[in-house]
Every structure is written in structure tokens, then in C-alpha cells.
Amino acid sequence: GHDSGSSPDGLLVDRLEVTRALWLETLGEVPAGARWDVDGAAASLPAVGMDRDQAVALAAARGMRLPTSTEWLWLAAGSRGQPYPYGNQPMQSAANTLEVGLGRAVAVGTFASGRTPGTRIADLAGNVWEWCADAPPEVVAPGGVVRFPLVGGGEWLDACAMGGAW
């Protein structure tokens, strides 16, 4: 949870992941490198395949910004530091994770039982990865400090993605 036990000042977030339809409505084109359409039910699928700079551009076009990793963790754990966004106990089918076995992203907000209490933010425990503005605080684990390597390269990220399975 957040150190102060209360929400970070001035934090306003969407309750749902950005859909493909919202992405196109805001920026007018599929992000370079992404491979998806928006026909029919695909419009309610999460927008995926963009890099962090593209996610920053979308947020800016909407008058917003990406959350910091600390803010994201506060949203997911709440002021009590609960282990799951929806509460203290694991719950079958509360999020689109590997264990559910769908093997793909689903429409945003599909797993209503996994939403956070009070704020009702969806998909923090699963569905797709969500970009943060910075890297999380260093994590000391057996074997040393955990860093986040850029997928497919040797560079280290100054940011991270959290929460997803796809």
C-alpha cells in the first residue's frame, strides 16, 4: 500500500483499461507495431502492442499521464496493502490470468468480481499489462536487486508494465 495510508493527492484514473475503440477515437490510428482491428467485439478489447512512448502520447492527448509505479501499486493494493486488488483472499476467476486458461486478452472489465472495492477499478490483477511512468522501487530478492530488462534487448527500463497476463 501507499506509505501514507491514503490515496496519492490528485490521482484520477480510468476505471477500465483503454479500449481499441478509445485509442482510435483519441489518436486516429492503430499504434505502429500493433496488430489489431476494431470491428465488432474487437472494439472493446484492450489496446495493446504499443510502447511506453505511445502510451504516454495517448495519455497526453486525453489530458492525462501514466501513473507512477507507486501510484499503480496503491491502486492495486489500496490503503490497507491488501494482496489482491479485490481483497485479501485469492478468488477463482477474479481476473484474466494464466490460471483461468483463456490464453488471450478479453474485453475490458469482463471480470467484475476482481474490481477494487470502492473505486471499482477493473483488471489490475490480470488481462493485459499496463504501462507505468517509472520503474518500481528496487526489489531485493534472493540473488540481489531485481531490475527490469527491456524485452529482446540488453537495455534497462526506466519504466515498467504491471498487472497483466497478456
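Test D9 against the stated conditions and say whether it is more than 25 Å from T110 (Cα to Cα), at pLDDT 90 or above, charged (D, E, K, R) and surrounded by fewer than 19 Cβ atoms within 10 Å (Cβ to Cβ). It is false that D9 is more than 25 Å from T110 (Cα to Cα), at pLDDT 90 or above, charged (D, E, K, R) and surrounded by fewer than 19 Cβ atoms within 10 Å (Cβ to Cβ). Only one of the listed residues (P46, P31, P67) is under 20 Å from R120 (Cβ atoms), open to solvent by less than 50 Å² (accessible area, probe 1.4 Å), at pLDDT below 95 and in contact with an Asp or Glu (Cβ under 9 Å, 6 or more places away or on another chain). That residue is P67.
Let's see how each residue does on (1) under 21 Å from L24 (Cβ atoms); (2) at pLDDT below 90; (3) open to solvent by 70 Å² or more (accessible area, probe 1.4 Å); (4) not polar (S, T, N, Q):
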{"site": "V56", "(1), (2), (3), (4)": "yes, no, no, yes"}
{"site": "P85", "(1), (2), (3), (4)": "no, no, no, yes"}
{"site": "A141", "(1), (2), (3), (4)": "no, yes, no, yes"}
{"site": "G153", "(1), (2), (3), (4)": "no, yes, no, yes"}
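Consider S79 carefully, then state whether it is farther than 27 Å from V56 by Cα, at pLDDT below 90, part of a loop (DSSP other than H, G, I, E, B) and in contact with a Gly (Cβ under 9 Å, 6 or more places away or on another chain). So S79 does not fit the description; no. Against the test of being charged (D, E, K, R), open to solvent by 50 Å² or more (accessible area, probe 1.4 Å), under 16 Å from the mean Cα position of the chain (by Cα) and at pLDDT 90 or above, the options R62, R15, R20, R52 yield a single qualifying residue, R15.
When L73 is tested against (1) part of a loop (DSSP other than H, G, I, E, B); (2) of a type in the set (A, V, I, L, M, F, W, C); (3) at pLDDT below 90, only condition (1) is not met.
V108 falls short on exactly one of the conditions (1) open to solvent by 60 Å² or more (accessible area, probe 1.4 Å); (2) among the hydrophobic types (A, V, I, L, M, F, W, C); (3) touching a Ser or Thr at 6+ places or on another chain (Cβ under 7 Å), and that condition is (1). Residues in the stretch 82-120 that are on the phi > 0 side of the Ramachandran plot and part of a loop (DSSP other than H, G, I, E, B): S93, G101, G103, G109, G118, R120.
The values are calculated or read from the model by the stated rules, or taken from the named source; none is laboratory data. The model shown is predicted, which means the values in this text are computed figures rather than measured ones. Neighbour counts run over all protein chains shown; Cβ positions are idealised from the backbone, glycine included. SASA here: full protein model, heavy atoms, side chains in, ligands and nucleic acids out. Shrake-Rupley method; radii C 1.70, N 1.55, O 1.52, S 1.80 Å.
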